Amino acid sequence: MDKIPLNYEASQGDTHKQLTDSLPPEVVQCLENARFLHLATCMDNVPHVSLMNYTHLCSSPYSSSPVIIMTTNLASRKTTHIAANPSVSLLVHDWSSHRPPTHGRRPSGGSPGPENRSSLASLLYNINTAAVSSISATIGGSARLAPTGSDEEKFYLQRHLENNTFEPGEPLFRQQNDAARETSDSHFVAGESVRVIIVDIKDVRISDWKGTVRDWALASDSNKVNGQLA
């Protein structure tokens, strides 16, 4: 197995940047598989991170570009941050957080020693790990709150409720098909103080488990001619 350097790829500037009019397929797949994302906001140079349920829409009656939908309490810190600074970052990944046992782990660390797996068990473990261990995507965008009581707010809120229909005990990553999801009742209800957050996606940075980095920027209307990239 190839050894992976701890310093990874230099990524201070744009890395292998490409212009696109839609999200890369691997990012769309990642957004479809993951159950949560991390929302990073900032105000007065003080950052804040929240773990969020979300809904990804490639387009909608209110936007021809991809958006991320979330909900929050009107009095939350993220709401205050977004009102002052709409620039946000989202982090989503489709790998599990399980860390397999390694040799040389310090006894004081509390981790169990390496397990003695059969060849078949090791093969199945590696296959399952590879299936969910692919990429992480850092999404940059501009967040806004949907106008209270507007048709836009009602549309996005309904789609968000329909999308979050997880049953108790479901895994971190979505596995059920759309038909099964549609038959489930949402475990979330819209309270009186709920506000809908809409994030218009501007760029994406994809990182894989080897530390390789790729940057993508979503084209604005000024980059298009007759609906196509210029």
query = Hey, among the residues in the range 192-210 that are over 18 Å from the mean Cα position of the chain (by Cα) and not in a strand (DSSP E or B), which one's farthest from ALA137 (Cα to Cα)?
reply = GLU192
query = Going by the conditions given, is ILE69 in a helix (DSSP H, G or I) and either under 19 Å from GLU26 (Cα atoms) or at pLDDT 95 or above (or both)?
reply = no
request  = Inspect the range 211-227 for any residue being modelled with pLDDT under 85 and closer than 20 Å to HIS56 by Cα and give the result as yes or no.
outcome  = yes
message = Contact list please: Cβ distance under 9 Å, first residue in the range 36-60 and closer than 16 Å to GLU152 by Cα, second residue in a strand (DSSP E or B) and of a type in the set (Ser, Thr, Tyr), pairs at least six apart or on different chains.
response = LEU57/SER63
query = List pairs: first in the range 67-85 and more than 14 Å from LEU39 (Cα to Cα), second of a type outside the set (Gly, Ala, Ser) and part of a helix (DSSP H, G or I), Cβ under 6 Å, 6+ apart or cross-chain?
reply = none
ask   = Has the range 146-165 got any residue that is modelled with pLDDT under 90 and either in contact with a helix residue (DSSP H, G or I) (Cβ under 8 Å, 6 or more places away or on another chain) or more than 16 Å from ILE69 (Cβ to Cβ) (or both)?
value = yes
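Here's the yes/no breakdown for (1) closer than 16 Å to ARG144 by Cβ; (2) in contact with an Asp or Glu (Cβ under 9 Å, 6 or more places away or on another chain); (3) surrounded by fewer than 17 Cβ atoms within 10 Å (Cβ to Cβ); (4) of a type in the set (Phe, Trp, Tyr):
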| residue | (1), (2), (3), (4) |
| --- | --- |
| ARG35 | no, yes, yes, no |
| THR41 | yes, no, no, no |
| TYR54 | yes, no, no, yes |
| ILE68 | yes, yes, no, no |
| THR71 | yes, no, no, no |
| VAL92 | no, no, no, no |
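The values are calculated or read from the model by the stated rules, or taken from the named source; none is laboratory data. Quick caveat: nothing in here was measured; it's all calculated off a predicted structure. Positions of Cβ are backbone-derived with ideal geometry, glycine not excepted, and every protein chain shown enters the neighbour counts.
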